[in-house]
Structures are given as structure tokens and as C-alpha cells.
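Asks: Submitted below is the structure of interest, expressed as C-alpha cells.
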Amino acid sequence: MTSEFPGEAPQGAANDTTDAAAPTGAEASVAAVKPPRDKAVRKRAPWSLQRKLIVTVVGITSFIMVLVGVATSAILGNVLEAGLSEQLKSQVDRTASMTRQFIAQGMSAEQILEQMPMQAGTLFAVQTLPNMPTAAVTLDDGTVLALTDEQIGQLTEDIPEQGPIVVSIDDIGTYRIEGQPVSGQSIVVVGLSRDDVATTITRMLTTIALLTAGGLILLAAATAWTIRAGLAPLRAVADTAERVSRMPLDQGEVSISERVPARQADPRTEVGRVGEALNTLLDHVGVSLAARQRNEERMRAFVADASHELRTPLASIRGYSELSLKALDRDHGPSTMQTTEASLERIQAQSLRMTSLVEDLLLLARLDEGQELVYGTVDLTRLAIDAVADARPTGPDHTWVIDVDDEPVLIAGDAGRLYQIAANLLANARTHTPAGTTVTIGVTRDDGNAVLRVHDDGPGIDPAIKDELFERFSRADRSRARQTGGTGLGLSIVRAIVDAHGGAITVDSAPGDTTFEVRLPARPADPAA
């Protein structure tokens, strides 16, 4: 006969089931590669700062309040138990003396309580050897209830002669009891109910629990509101940064108007300083993007201007070279040679024009790198006179005036580059003023500096381009006329050379009164001083 536990299959059946359920082939491969669902690692979402702060504050406060409640309950319980023990001790002394005569008469505990009523909740037991002990308890309504043998056995196997103990009796309750001998053969035991103590402690724990729960709810709400209000500037910063991150900033004209609200960027608070810092950063980025856009626009204008400037001489060189080749193919007569010579002269002139433009660009690049300066003692007065002497032949329809002191003004610098400053300023005045304009160049000393001024009484500078006059690729004449257009590099070269010498250049212009002023660190008139 074979017995089987419920739910247990025979061994053969189990093997059959296992074989039938076992995966084979591709199924086994897929099962080996695919991880079990219960073992899949799930990434837990991170807690927000607000949630962490609330949980931390409420958790610590809850722990402290629970500790306080437990300690308070323990202390109160000990106090109540001590009071109950004192009350029991005095009750035992009175009961032992008052019941001595009843015990001598052989009365049971129930009979003694009926003859000598006690307060509700009092337990009384008596044992006179060799008789079995008897016990009874006074109920809340004043009646006396005798304890059964089983309940008496729960008191103790031997009624104690000293020291209070706590016993629990079925259907009666928990009592603190103490025994005392009344004669050589008799012992009485008196017990007081602990229901009042337990009720008091329960009420106190309930009150503490309710107050703790209410306080924690209020604390959580207040903490959440305070933290949310305190972190509002951070949320504003995050929202602003997110909106800015979605803006296309890589090209074109960009204007960043997003800012953290002023009320949430108060620098007097730690979090507000973050908002203020972001606003400052956005201001800086906005200025940088605007400068980038201006540079891109100027670069595009320069590329167009430079392309035009280079295309014209390149076209001329190509045309004259083709003309010369065709003429030489026909014959080598005097007229052909004359045409070829003229073409070569034009090719040379256009080559010089391209060379000048390329050299200007190379000069700016080298000045940016701190190169191209060879320092020596330069007489700025002599330099201004030479610059005017070279400018007169190119501007015979202008009036040229030199205003310098008798003593030379010496500075430490690169003579060739300083001459280029004066030459470019004079060429700028000649190019952008009509015939008959008076151009004055002056050199003076002022507060330890050498000052070079170029003044003209022409129509003045257009206010629309005054702020970008010294920027590279800036053109006063947007047309590409050969006489007035230029490449927009002259004044930018002047400023680059002045900056390289540690000086400064300014312009003050009004109709009939335009002055370019260059200030450079001067040297004493006597180099040996």
C-alpha cells in the first residue's frame, strides 16, 4: 500500500512533467540570454531635495517625540507602581492585624471578606497549614467572589512571605500582591488591582500618540510649506535655465530675454544669490552673443569688401596678361611691345594693390600676437612733419597745417608703425573730406604723455558709425568706390598699433570740427636724463 502526501505527485509523473516542460533548441538559448524578470535591476528614481528635507526633519522629530513619550510613560509607570506598592504595604499591615481573629476561627478568605468588607479591587488570600489556601476578591459592585483552585494556583505555588510581586489571574485581572505571616501556621496575602495603573498609562500613551501624530502632521505641513517657499528661487532658476537651453543660440541674432524674477533673485539670501548669479551670467551671455553677431556681420561685410578689392586687381591682371599673350602671338613689332609694356605696368600696379591689402591683414594678425614692434627712441615731431610731407602730393586740393613745438617730443616705440599711425590718420582725413578742407596735425606733451592730434574742418563723422569707427572691417562708405570705400582696415590698424604701444586713441567729431587724438607714453627730451 502506497501513501502519498496531498499535492505530491509520483516520482515518475514528476519526471514526465519536468521532461515535458524543459525548453529545447532556440527556446533554451533565449531563456539563457533573457534575465529573469524578478532579477531585473530597476533604477530607483532619485528623491527631490524638498522630499529629502521633509523626510529628514519629520523623521528626526518623530524619533525624538517617540523617545520622549516612551521615557515619560516609563517614568509615570514607575511612579504609579511605587505608589501602589506603598499603598499595598500599609494595606497588608492593617489586614493582617484585623483578620488575625478570623483566621484563628478557621474562616476562609471569602468569609473574612464578607465579615470585613474591603475596597473594590482588593484580593485577599489566606493559608493555614496544613489546610489548602483560600482566596477571594472584592468586585467593583462590592460583592465578594471566591477564586477557583486553578485561579488560586495562578497566584503562586507557595504564598510569599515577603516582597510584592505582580501576578495575572484569568478572568480576574492583574494584581500586585504581598504576603505576611500572622502566626506560626498562617499566612495572609493581600493584593491590589493594577487596572487603574494600566488605565492611566494607556490614557497617557494614547494622549501622547495623538499629540505626536497631530504635531507631526502640523510639522510636516509647516516644513513642506517653508521648504517649498525657500526653494522657490531654485525652481525659478531651473525653469529659467531650461527655457534658455531650448533657445537656438548657435547662429543668427539672438536675444536672451529670460531672467529669474527679481523677487526670487534677492542677493541677501543664499538661494537668491544663485538667481542673481544666473541673471548676471545671462546678461554676460547676451552681450557676448550680440558682440558675436556684430563680428559676424562685420566679417561678412569684410569678406564682401575684400572679395571686391581682390577681384578687381585679379580681373585686371588676368585681362592684361591675356591681352599681352594675344599681342605677342600676332607679332613682335613696336606697337605690340608697347602694348605689352603697358599691360605689364597695369599688372604690376594691381599686384601692388593686392599686396597692400594682404600686408594690412598680416599686420593686424601679428599685432594681435604681440609681434611686429621694434622699439627705439622716436621723435614724434619729426615723424609728424614727414607724414605731412608725404600726404601733400596725394591731396593737393587740401590745406595742410603743422602745429608742433620747437622742442622734439620723444617716445619709446616702433618708428615705422608710429609713422603708419600719422599716415593713416592723414589719409583718412584726406579721403573723407571735400576739397579745400584744412587738415592740421599737432604734437604736444600733456601730463607725461605724448599727444598726436589730427584735426580737420570737414563735414564730420556720421553718428551711426562713430561707435564702431575703430572696429575692423568698418567702412564709412558702404559703397565700394575706389576713392572713398577702402577696405575698412586703416583705423583698425591705427588702434592696434596704439594699443601695442600702451596708448589710447579717441575721436571727437562735429560738423566742421573733427579731431583724432592719440596719447602715448612719452620720454624726456634728453634721452640721457
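The values are calculated or read from the model by the stated rules, or taken from the named source; none is laboratory data. Quick caveat, the model's predicted, so the values are computed rather than measured. For neighbour counting, all protein chains shown are included, and Cβ atoms are generated from backbone atoms with ideal geometry for every residue, glycine included. Calculation scope for accessible area: heavy atoms of the full protein, side chains included, ligands and nucleic acids excluded. Shrake-Rupley method; radii C 1.70, N 1.55, O 1.52, S 1.80 Å.
Okay, residues lined up against (1) open to solvent by 20 Å² or more (accessible area, probe 1.4 Å); (2) modelled with pLDDT of 90 or more; (3) part of a loop (DSSP other than H, G, I, E, B):
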{"position": "Ala422", "(1), (2), (3)": "no, yes, no"}
{"position": "Leu425", "(1), (2), (3)": "no, yes, no"}
{"position": "Ile461", "(1), (2), (3)": "yes, no, yes"}
{"position": "Glu471", "(1), (2), (3)": "yes, no, yes"}
{"position": "Asp499", "(1), (2), (3)": "yes, no, no"}
{"position": "Val507", "(1), (2), (3)": "yes, yes, no"}
{"position": "Val518", "(1), (2), (3)": "no, yes, no"}
{"position": "Ala522", "(1), (2), (3)": "yes, no, no"}
{"position": "Ala528", "(1), (2), (3)": "yes, no, yes"}
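Asks: I'd like to check something: does the stretch 401-418 contain any residue that is among the basic types (Lys, Arg), surrounded by 14 or more Cβ atoms within 10 Å (Cβ to Cβ), under 30 Å from His455 (Cα atoms) and touching a Pro at 6+ places or on another chain (Cβ under 8 Å)?
Replies: Within the stretch 401-418, none of the residues are among the basic types (Lys, Arg), surrounded by 14 or more Cβ atoms within 10 Å (Cβ to Cβ), under 30 Å from His455 (Cα atoms) and touching a Pro at 6+ places or on another chain (Cβ under 8 Å).
Asks: Condition check: within 56 Å of the chain's Cα centre (by Cα), among the β-branched types (Val, Ile, Thr) and either at pLDDT 90 or above or open to solvent by 50 Å² or more (accessible area, probe 1.4 Å) (or both). Does Thr381 satisfy that? Please lay out each step first, then the result.
Replies: Details: within 56 Å of the chain's Cα centre (by Cα): no; among the β-branched types (Val, Ile, Thr): yes; either at pLDDT 90 or above or open to solvent by 50 Å² or more (accessible area, probe 1.4 Å) (or both): yes.
In short, no.
Asks: A further question follows. What residue, among those in the stretch 267-285 that are in contact (Cβ under 8 Å) with a residue 12 or more places away in the chain and surrounded by fewer than 16 Cβ atoms within 10 Å (Cβ to Cβ), is nearest to Leu234 (Cα to Cα)? Reasoning before the result, please.
Replies: First, the residues of the stretch 267-285 that are in contact (Cβ under 8 Å) with a residue 12 or more places away in the chain: 269, 271-272, 274-276, 278-279, 282, 285.
Still in the list and also surrounded by fewer than 16 Cβ atoms within 10 Å (Cβ to Cβ): 269, 285.
Details: Thr269: 12, Val285: 20 Å.
In this case the residue turns out to be Thr269.
Asks: Among the listed residues Leu325, Leu373, Leu361, identify the single one that is in a helix (DSSP H, G or I) and either open to solvent by less than 80 Å² (accessible area, probe 1.4 Å) or at pLDDT 80 or above (or both).
Replies: Result: Leu361 is the single residue among Leu325, Leu373, Leu361 that is in a helix (DSSP H, G or I) and either open to solvent by less than 80 Å² (accessible area, probe 1.4 Å) or at pLDDT 80 or above (or both).
Asks: In addition: Would you check if there is a residue in the stretch 124-137 being over 21 Å from Thr148 (Cα atoms), out of contact with any helix residue (DSSP H, G or I) (no Cβ under 8 Å at 6 or more places or on another chain) and either of a type outside the set (Ser, Thr, Tyr) or at pLDDT 85 or above (or both)?
Replies: No - not one qualifying residue is present in the stretch 124-137.
Asks: With respect to the numbered conditions (1) open to solvent by 100 Å² or more (accessible area, probe 1.4 Å); (2) of a type in the set (A, V, I, L, M, F, W, C); (3) farther than 30 Å from Leu489 by Cα, which one is the sole condition not fulfilled by Leu352?
Replies: Unmet condition: (3).
Asks: Test each condition in (1) closer than 30 Å to Pro459 by Cα; (2) of a type in the set (A, V, I, L, M); (3) assigned to a loop (DSSP other than H, G, I, E, B) for Ile402 and report the one that comes out false.
Replies: (3)
Asks: So which residues in the stretch 427-448 are over 52 Å from the mean Cα position of the chain (by Cα) and either closer than 24 Å to Pro521 by Cα or not in a loop (DSSP other than H, G, I, E, B) (or both)?
Replies: Residues satisfying the conditions are Ala427, Ala429, Arg430, Thr431, Thr438, Val439, Thr440, Ile441, Gly442, Val443, Thr444, Arg445.
Asks: Continuing with this model, one more query. Among what's in the stretch 188-216 and is open to solvent by 30 Å² or more (accessible area, probe 1.4 Å) and of a type in the set (Val, Ile, Thr), pick the residue that is nearest to Ala120 (Cα to Cα).
Replies: Looking at the filtered set, the residue picked out is Thr199.
Asks: Which of the following residues is of a type outside the set (Asp, Glu), modelled with pLDDT of 90 or more and either open to solvent by 40 Å² or more (accessible area, probe 1.4 Å) or under 24 Å from Asp390 (Cα atoms) (or both): Thr487, Thr440, Thr431?
Replies: None of the other options fit; the residue is Thr440.
Asks: When the residues of the stretch 121-144 are narrowed to those that are in contact (Cβ under 8 Å) with a residue 24 or more places away in the chain and farther than 20 Å from Arg100 by Cβ, which ends up surrounded by the fewest Cβ atoms within 10 Å (Cβ to Cβ)?
Replies: Gly142
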